[in-house]
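Accompanying notes for the structure given below.
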Ligand SMILES: [Mn+2]
């Protein structure tokens, strides 16, 4: 492709010549004969010409397919240059702003006369990479500082939040890597360990050891780091950390020697990926796999708060990770245990007016109930799911809907807030009530009667809203 660049300054000409060749066949036009000669002698394809004359471009053989770049240094005469290019048949016109203080206004003015042109500025073209480079240096400095601070410690604790999720565990692995430690010299620990089946699957597939830590053991460590969590999360247990790396909102009431909190990041693993890159640390396949999975799951595969930095970290880690293992971890949502409850729900559930309602009876954990509620919402023609079960001595109810009818949170609050805890949003809600209190309010019911009772409550709740519409239809 041919490119004709109409320029005034040497640095722009030399830069464009370096950038565009050899992909483009580049020719430069300059007004100053002196500059043209000097650059021509330096081996560049430069000719002197009057940029405001149409015949300049006709001579230069400009066609609608020629890419024409015009340097804009704020001097007058730009409009006449653009008119001359247009009159000669040039259509692919790029104006390159150099040192233009109000570039957006300038662009708007030019576009009102030449709607088809594109306006670029030197600042935005090379500003991004430059800033990335600078912020990488800042990150490098910070990483080297905490690496030194942790270097002489005999035992390090990397503390995760309770029931650690993939982001917490992956961040723990990444930090251990950065501290150049093994699982004996840097313990990845949590006060309450992993329970969710999909997270346990990650633990097993990647052989991650999350040590159970009792609060009184914490002082035994020489240095304490926290990832994906801040000390305020453990009230009365710990108020100081040597290093905190997190993407949750910054909290007060604790002290930290070093911290890196970036709330606009979709995951803590994204921050740690930048730390690893800043010091050119080698990332093992296991760590890369964990981090990639963490970014995917914390951003719900980029459906929730994900920014360019997350996508950047994702594409950096992707070739280093084991994609097969990630597929296995994602399949972990389905377990034999959950499948049993899916079948049970299918046998005992009732469907009415696109509401699926079931009572599972005694259930090992709450996550099973939430899982079944989400599972049946995938069914064709199902708009609401109301699933309950008994966990310990409480009736736990998960409510899901497709989000465009009445509020699920209002439903649980209406019927259960008086006898237990009940709350949630439009599409998702939960109630936990002592089963004895449920019986006191609704009577002693058999399992199938519980389903029927709850279903009648949902119908009552939904119909109450529809009532005025029905009257209108009748009238
Ligand atoms: Mn996270």
Practice problem: Quickly run through region 260-281 and pick out the residues that are surrounded by fewer than 19 Cβ atoms within 10 Å (Cβ to Cβ) and either at pLDDT below 95 or within 16 Å of the ligand (Cβ to nearest atom) (or both). | Solution: 261, 262, 263, 264
Quiz prompt | Filtered residues of region 245-259 (kept if in contact with a helix residue (DSSP H, G or I) (Cβ under 9 Å, 6 or more places away or on another chain) and away from the ligand (no atom under 13 Å from the Cβ)) | solution = 251, 252, 253, 254, 255, 256, 257, 258
Practice problem: Sort through 327, 338, 277 and tell me the only one that's assigned to a helix (DSSP H, G or I), out of contact with any helix residue (DSSP H, G or I) (no Cβ under 8 Å at 6 or more places or on another chain) and under 30 Å from residue 229 (Cα atoms). | Solution: 327
Practice problem: For residues that are more than 16 Å from the ligand (Cβ to nearest atom) and touching a helix residue (DSSP H, G or I) at 6+ places or on another chain (Cβ under 6 Å), tally how many sit in region 218-230. | Solution: 1
Exercise. Would you check if there is a residue in region 260-272 being over 9 Å from the mean Cα position of the chain (by Cα), within 18 Å of residue 245 (Cβ to Cβ) and part of a strand (DSSP E or B)?
Key: yes
Practice problem: For region 181-199, name all the residues that are more than 16 Å from the ligand (Cβ to nearest atom) and touching a residue at least 12 places away in the same chain (Cβ under 8 Å). | Solution: 181, 183, 185, 186, 187, 189, 191, 192, 193, 195, 197
Quiz item: Would region 423-434 turn up any residue that is on the phi > 0 side of the Ramachandran plot and over 35 Å from the mean Cα position of the chain (by Cα)?
Solution: no
Quiz item: Here is a list of conditions, (1) in a helix (DSSP H, G or I); (2) under 22 Å from residue 459 (Cβ atoms), and residue 310 meets all of them except one; can you say which number that is?
Solution: (2)
Quiz item: Only one of (1) out of contact with any helix residue (DSSP H, G or I) (no Cβ under 8 Å at 6 or more places or on another chain); (2) within 16 Å of the ligand (Cβ to nearest atom); (3) free of Cβ contacts under 8 Å to residues at least 40 places away in the same chain is not met by residue 233, so which one is it?
Solution: (3)
Quiz prompt | Residue that is nearest to the chain's Cα centre (by Cα), among those in region 186-207 that are closer than 27 Å to residue 143 by Cβ and at pLDDT below 95 | solution = 202
Exercise. Considering each of 159, 173, 125, 131 in turn, give the residue that is within 16 Å of the ligand (Cβ to nearest atom) and over 16 Å from residue 259 (Cβ atoms).
Key: 173
Quiz item: Do we have residue 292 as within 16 Å of the ligand (Cβ to nearest atom) and exposed (fewer than 15 other Cβ atoms within 10 Å of the Cβ) here?
Solution: no
Practice problem: Six or more apart or on different chains, Cβ under 6 Å: which pairs go from a residue in region 290-301 that's assigned by TED's automatic domain parsing to the domain that holds residue 205 to one that's more than 9 Å from the ligand (Cβ to nearest atom) and in a loop (DSSP other than H, G, I, E, B)? Could you list them? | Solution: 292/321; 299/306
Quiz item: What strands (runs of 3 or more DSSP E) lie completely within region 1-88 and have 3 or more residues being over 24 Å from residue 112 (Cβ atoms)?
Solution: 2-7, 25-30, 46-48
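The values are calculated or read from the model by the stated rules, or taken from the named source; none is laboratory data. Only a predicted model underlies this, so the values are computations on that prediction, with no experimental measurement involved. Neighbour counts run over all protein chains shown; Cβ positions are idealised from the backbone, glycine included.
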